[in-house]
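A short worksheet on the structure shown next.
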Protein chains: 2
Amino acid sequence: MSDVGETCHFNYSINLIILIQIRINEHVYLKDPESSKLGRSIVTHSIALIDEIGFEQATFKKLAEGIGSTEASIYRYFENKHKLLIYLVSWYWNWLEYQLMFSTNNVPSAEDRLKIAMKVISQPHTFQSDLLHIDAEALHRIVVGESPKAYLSKEVDGDNKEGYFMSYKRLCACIADICREINPTYAYPTALVSTMVESAHNQSFFAQHLPRLTEIKNGNENEVTEFLTEVVMRVLKN
Amino acid sequence: MSDVGETCHFNYSINLIILIQIRINEHVYLKDPESSKLGRSIVTHSIALIDEIGFEQATFKKLAEGIGSTEASIYRYFENKHKLLIYLVSWYWNWLEYQLMFSTNNVPSAEDRLKIAMKVISQPHTFQSDLLHIDAEALHRIVVGESPKAYLSKEVDGDNKEGYFMSYKRLCACIADICREINPTYAYPTALVSTMVESAHNQSFFAQHLPRLTEIKNGNENEVTEFLTEVVMRVLKN
DNA sequence: ACCAAAATAATAGCAATACTACCATTTGCA
DNA sequence: TGCAAATGGTAGTATTGCTATTATTTTGGT
């Protein structure tokens with residue numbers, strides 16, 4: 001099998017392969033992990049490792065052992081663990097943005113598009129997601145449990161200047177635009193969307209670990225979607 | 001000045017001192033920090049330290065240096081840094097609950113009480129807050145920037161079994177009760193409240209560090225309150 | 001005021017983490 | 001074939017997170 005380089009694959013039952021580039025801000029990595037086998041292996045295995053033992057417990061040493069490589073080699077791709085997390089989370093946001101574009105395409109009603117958006121942010125894996133070397137469900141779990149750590153740090157302003165949170169901002173901006181279509185007079189569309197995106201993760205996490213903080217039942221992601229959709233619709237309705 | 005022991009003080013202009021106990025689940029600490037001078041010093045200085053350099057950069061060693069004590073002494077009060085964070089955050093939730101009780105007392109309208117609750121969660125320092133050794137504003141900043149780290153860990157289930165998140169749950173339950181009074185048929189009052197509480201922090205953080213994720217302007221906490229109040233009212237209105 | 005018990009300080013040490021540096025080997029490709 | 005880039009292997013350092021031991025101070029009770 002040849003090396004396809006900087007690509008991600010979506011397979012369809014018909015004989016067609018669509019190649020999608022999921023581009024990450026190049027300052028996040030020292031060397032593009034999509035450009036080599038080791039790089040892709042780092043991404044694949046880091047998702048499995050963080051999903052399994054959590055971000056704080058994960059180290060480049062353990063990751064290197066899992067891959068059969070060395071700490072020093074991983075440091076050639078990512079400056080540190082924090083940058084790796086930012087990379088993974090950015091990848092996730094870009095993937096969601098693609099899913100949103102794809103699944104709202106040719107949907108004329110803004111309300112319908114907003115409903116799709118709420119589903120995309122709360123249960124992305126129900127859309128197409130059989131990617132080559134990225135375990136999308138594990139990545140989703142990581143985002144639910146670890147993504148706030150990407151921006152909740154003292155380096156947030158520097159990281160932001162480097163553009164590390166562009167992917168997140170773009171996704172929120174897309175959905176906020178739909179909100180504006182529905183109600184152009186509402187004053188806080190972006191705040192509403194970022195609240196909904198964070199809530200999608202929180203509610204899913206609470207349902208699993210702190211069930212007294214939500215009525216939503218563990219694993220019932222339809223309920224999360226329903227909750228978010230209802231909130232956003234009521235807020236935007238006049 | 002005599003040692004007042006396990007107490008917190010609210011001072012009023014009239015000649016009256018009200019003593020309030022802010023009780024934290026006793027498993028969070030090894031030895032009650034309110035029971036000694038050193039303990040209180042640990043709490044006071046840890047708030048200043050975390051506020052200044054952030055939770056990840058803070059260490060017991062740096063804290064000990066700041067106090068003029070030693071790592072080993074701090075370890076007699078808190079098993080580790082994570083437990084200290086849980087202690088501080090729990091203290092904050094208890095304090096908010098007290099503020100909520102106090103400021104909604106004798107307010108007959110549930111809508112009015114909910115509005116007060118939204119203000120309490122988004123700008124707690126506008127209520128009385130001149131405490132003895134706790135810098136409430138710094139603690140609020142810590143909660144905004146670090147509190148999700150208290151539960152976003154692999155130990156969350158164990159910590160929850162120990163009851164470390166009771167304070168948070170109690171506060172949310174109180175506010176959810178007000179929501180049920182306003183609209184007894186709404187299916188997700190607790191989910192709505194936990195979403196609002198987290199959003200209060202997120203929107204404040206975004207306004208300061210990632211302004212493209214919100215319309216709210218940095219420092220304008222009235223806007224956060226307004227945003228939350230509007231959301232919660234529209235969601236609960238029939 | 002004095003003694004015993006408790007609390008704290010001082011020091012040391014250890015294993016793990018988060019890197020960095022250096023050099024040897026392999027691989028890709030011109 | 002040969003050169004450069006990528007990777008592997010090894011080592012080493014500073015810091016972190018924590019424990020243990022002992023010395024000193026503080027305290028509360030008689």
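Worth pointing out:
- Whole-percent P(r), the protein assembly as shown, all Cα pairs, 20 Å bins from 0: 23, 55, 21, 2, 0.
- Note on the range A:113-199: Rg/Rh from C-alpha atoms, Kirkwood Rh, equals 1.00.
- Sorted shortest first, the distances from the B:Asn25 label point to those of the same residue in the other copies are 3.6 nm; each point sits 7 Å from Cα along Cα-to-Cβ.
- At R0 = 22 Å, FRET efficiency that the Cβ-Cβ distance of B:Arg180 and B:Asn105 yields, to 0.05: 0.70
- For the range A:100-123 and the range B:160-238, distance of Cα centres in Å: 25 Å
- The range B:91-162 - Rg (one decimal) and Dmax (whole number), Cα, Å: 14.5, 43
- Compared with the dominant principal axis of the Cα atoms in chain B, helix B:136-146 is inclined by about 80°.
- Here's the list of aspartates and glutamates a cross-link from B:Lys237 could span, going by alpha-carbon distance under 18 Å and ignoring same-chain residues fewer than 8 apart: A:Glu226, A:Glu230, B:Glu111, B:Asp112, B:Asp177, B:Glu181, B:Glu226.
- For B:Glu71, the point set 7 Å out from Cα toward Cβ sits 1.8 nm from its twins in the other copies, listed from shortest up.
- HN-Hα J in Hz across the range B:227-238 - Karplus 6.51, -1.76, 1.60, θ = phi - 60°, x for Gly and Pro: 4, 5, 4, 4, 4, 5, 5, 5, 5, 8, 5, 8
- Distances in nm from B:Ser36 to the matching label points in the other copies, shortest first (labels 7 Å along Cα to Cβ): 5.3
- Ratio of Rg to Rh over the range B:8-236 (Cα coordinates, Kirkwood Rh, two decimals): 0.97
- Helix A:166-182 vs. chain A, principal-axis angle (Cα, 0 to 90°, nearest 10): 10 degrees
- Karplus 3J(HN,Hα) series, Hz, for the range B:44-52 with 6.51 cos²θ - 1.76 cosθ + 1.60 (x for Gly, Pro): 4, 6, 5, 4, 4, 5, 5, 4, 7
- Nearest-0.05 FRET efficiency for B:Ser35 and A:Ala72, computed from C-beta distance (R0 56 Å): 0.70
Every number here is computed from the coordinates shown, using simple stated rules; none is lab data. Remember, it's a predicted structure, so these values are computed and weren't measured experimentally. Cβ coordinates were reconstructed from backbone atoms using ideal geometry, including for glycine residues, and neighbour counts include every protein chain displayed.
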